[in-house]
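Below: one structure, written as structure tokens.
What follows draws every value from the coordinates through simple rules; no lab data is involved. Quick caveat: nothing in here was measured; it's all calculated off a predicted structure. Using ideal geometry, Cβ is built from the backbone for each residue, glycine included, and neighbour counts are taken over all protein chains shown.
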Amino acid sequence: MSETYAVDIQDVSKSFGAYKALNGVTLRVRRGEIYGLLGPNGAGKTTLIRLICGLLEASAGTVTMLGQRMPNVAVLRQVGYMTQQAALYPGLSVEENVAFFAAINGADAGIKAALELVQLYDRRKSVVATLSGGMRQRCSLACALVHRPELLLLDEPTVGIDPQLRVQFWESFRRMAAGGTTIIVSSHVMDEADRCQRLGLIQYGRLLAEGTPAEIRSQGGSQNLEEAFLALAGRKDS
Amino acid sequence: MSGHRIRAITRRLLQGFRRDHRTLALLFVAPIVILGLLGYLLRGSSSAPLVGIANEDTGPLGAIVADALRHSSRIKSTDISAADGDARLKDGSLVGYIVLPSNFSQQAQSGSVVPQVHLEGSQPGEDAPVMQALQQAMISLASQVAGRSVNFQPQVTYLYGGRNYDTLDYFGAAFIGLVVFFLVFVITIVSFLNERTQGTLERLMASPLRRGEIVVGYMLGFTALALIQSIEVLVFALAVLRIHNQGNVFLIFGMEALMAIAAVNLGIFLSMFARSEFQAVQFIPLVVVPQVLLSGIIFPVSTEPTILQWLSDVLPLTYAVDGMRDIMVKGADLTSPPLLLDAGVVAGFCVLLIAAGTATLRRRLG
């Protein structure tokens, strides 16, 4: 079963003290799929991503990634993780940052390709501290995908990126997915949701709805994805 | 100048402290702890050093001087035989011993006495009470030798150091290690905390890196820097400051390296308990000040109140400082059991701290 699914989350809950960040979430992400985790700030998207890559352990339920029950350090070689904040070493150059993340993931090739993909090859010698927010975000993405992972976890990757580059990002994601890479991307921007093959809507730590963008529209009873989301969220609230 | 705006800044500042209990504790608890420690250390210490008296005088006057020495408030005394004296200095049980030679009474009658004063010599200032006690004893001698003045010409020898051995020589040995320990600790704790606050630690944790690999990688990087710093400190201390050194330079370097490794791992370990650089910096007085006071750098551990001696015995710096002094002041080498013990204990602390740092690494995300 897990062979067809890159990620298999079964009835997962996660509490931080009295606060329940996730509550009985079940979802599956197929291999080679672009899966969008949608929801407002504080919905539980980042917690879910951290559970998938083993940074957190579930209070209840199971997380299976690439056939391995998480947490499991060995399988992390196949995973690329881009954190919400552009987590980079500000004192190093763009290339040095990417080379570092390549090295800790056991890959020494692919640095040039990764830098070209995010259009930072010309700026590879620039020290990260001198870059704009958008450039840092691009560098952070290059660090996440430099070792050609099977699964790419992107926590709000397009924040602070201009619309033109955002389009290029999504084209790259699609190309990688076509090549077999599974991509889980979190966002609270609804126009990005349409670019995903399937969506999971999360609010208050629960999965409200799951399906293709078209299915979500029909479930929410609106042609507008944002309105459909609000309708589904309101229905659960009441 | 707007009073309203200034008040806003002041209020903002105090509001922030209201929630930061650790900073408040540092502001109000740390001074009491540090001053209390210092007070207990200075007032509670047994300050009179133990001095051996070997009265070999065949006449009556040596006994009078020996008796005066026994009743001196400046020293504590014990009777020994002159043959045992050097051994007692080496094992650290005496700071010095005084030999009143067999012809002491004759010397007094002839107007010039030459008592032998043998001093351990590694701690400057410890010879002062010995000489003062002897001088006072000479006054009681003078009253017994009626009708003439007695010239007092003590013959002073030092086991370690010597007449030119000064305060810098004594403190220098300890400070070479302390400077490295302190600076390496500060740099490590702040950089490891940066790893956490800039989010890169989260990324490292989501990679195949194992916790031990992160800790050991950090340790090697900072240790490389610390070793270069150690060489610089050592060359400056020996070549420019000309601090007294009886020992092997490579042994001093080895001891510095052990201290640097301990400092790196202490920094990594303690960074787990700080949420901001501000909090990390607060560890400096808490970690460094008690160690400076209690590790024998300024006050010899043997003169501390008993309870503080127990505390000193569990501080890594106590052993490091003792080891540095053994090498530099006493010329100890690898055949010296006390030096091996010191180095072994500091190495043990390193291993313990590596394990503790590795064990607590995942704490913040879990």
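Remarks
- Partners of A:K125 within straight-line reach, counting lysines whose Cα lies under 19 Å from its Cα and excluding those fewer than 8 residues away in the same chain: A:K112.
- Relative contact order (%) - criterion: Cα under 8 Å, at least six apart; region: chain A: 25 percent
- Count Lys and Arg as plus one, Asp and Glu as minus one, and take only other residues whose Cβ is under 12 Å from that of A:G61; the net charge is then -1.
- Share of pairwise Cα separations in segment B:290-366, more than 18 Å, in percent: 51 percent
- Computed over the alpha-carbon pairs of segment A:1-137, the distance histogram in 5 Å steps reads 2, 9, 16, 18, 16, 15, 13, 9, 3, 0 percent, short to long.
- For A:Q203, distant residues with modelled amide H under 5 Å away: A:L208
- Shielding value for A:75-88 is 4, the average number of Cβ atoms from other chains within 10 Å of each residue's Cβ.
- Take the Cβ atoms of A:V127 and B:L14, set R0 to 41 Å, and the FRET efficiency comes out at 0.65.
- Coarse-grained scattering of segment B:1-112 at q = 0.21, 0.22, 0.23, 0.24 Å⁻¹, given as base-10 log I(q)/I(0) from a Debye sum over alpha-carbon atoms: -1.09, -1.13, -1.17, -1.21
- The packing ranking of peptides B:209-219, B:129-139, highest mean first, is B:129-139, B:209-219, where packing means the average number of other beta carbon atoms within 10 angstrom of each residue.
- A:K14, A:K20 arranged by Cβ crowding within 10 Å, fewest neighbours leading: A:K20, A:K14
- Based on the Kirkwood approach, the hydrodynamic radius assigned to chain A is 18.2 Å, with every pair of different Cα atoms included.
- When both segment B:262-330 and segment B:91-151 are represented by their alpha-carbon centers, they are found 39 Å apart.
- Anisotropy class of segment B:50-158 from Cα gyration tensor, a/c 1.5 cut: prolate
- Placing R0 at 30 angstrom, the Cβ-Cβ distance between B:Q153 and B:D91 gives a FRET efficiency of 0.55 after rounding to 0.05.
- Seen against the Cα atoms of chain A and their longest principal axis, helix A:133-145 is set at about 90 degrees.
- Relative contact order of segment B:50-158, pairs being alpha-carbon contacts under 8 Å that are 6 or more residues apart, as %: 33 percent
- Our Cα-only numbers for the protein assembly as shown put the radius of gyration and Dmax at 35.3, 125 Å.
- Cα long-axis angle, helix B:167-197 against chain B (0 to 90 degrees, to the nearest 10): 10 degrees
- Neighbour counts of other Cβ atoms within 10 Å put B:S143, A:S126 in the fewest-to-most order B:S143, A:S126.
- Cα centroid separation, segment A:98-175 to segment B:190-215 (Å): 19 Å
- In nm, spacing of pseudo-spin labels at B:I231 and A:A103 (7 Å Cα→C-beta vector): 2.1 nm
- Note, ³J(HN,Hα) from phi for segment A:166-178, Karplus 6.51, -1.76, 1.60, rounded to Hz, x at Gly and Pro: 4, 4, 5, 4, 5, 5, 5, 4, 5, 4, 5, 5, 4
- For segment B:52-69, Karplus couplings with θ = phi - 60° (6.51, -1.76, 1.60), whole Hz, Gly/Pro x: x, 10, 10, 8, 9, 5, 7, x, x, 6, x, 4, 5, 5, 4, 5, 5, 5
- In terms of its C-alpha gyration tensor, segment A:121-166 has an oblate overall shape, because the principal axis ratio a/c (a ≥ b ≥ c, square roots of the eigenvalues) is not below 1.5 and a/b does not outweigh b/c.
- Stokes-Einstein translational diffusion, segment B:231-366 - Kirkwood Rh over all Cα pairs, 0.692 mPa s, 37 °C, in µm²/s: 202 µm²/s
- Take each residue in B:193-200, count the other chain C-beta atoms within 10 Å of its C-beta, and the mean is 4.
- Stokes-Einstein diffusion coefficient of chain B, Kirkwood radius over Cα pairs, 25 °C, 0.890 mPa s, in µm²/s: 103 µm²/s
- Average beta carbon contacts from partner chains per residue of B:205-214, 10 Å cutoff: 6
- Simple Cβ-charge dipole of chain B, Lys/Arg +1 and Asp/Glu -1, about Cα centre, in debye nearest 20: 2220 debye
- Residue-wise HN-Hα coupling along segment B:247-261, computed from phi with Karplus coefficients 6.51, -1.76, 1.60 (Hz; x: Gly, Pro): x, 7, 4, 5, 5, 4, 4, x, 5, 4, 4, 4, 5, 5, 5
- 222 nm mean residue ellipticity, helices alone, for the protein assembly as shown (DSSP H n ≥ 4; -39,500 (n - 2.57); rounded to 500): -16000 deg cm²/dmol
- Within segment A:193-220: backbone nitrogen closer than 19 Å to the A:T26 label point (7 Å, Cα to C-beta): A:199-203, A:205-212
- Rounded to 10°, Cα long-axis angle of helix B:277-294 versus longest principal axis of chain B: 10 degrees
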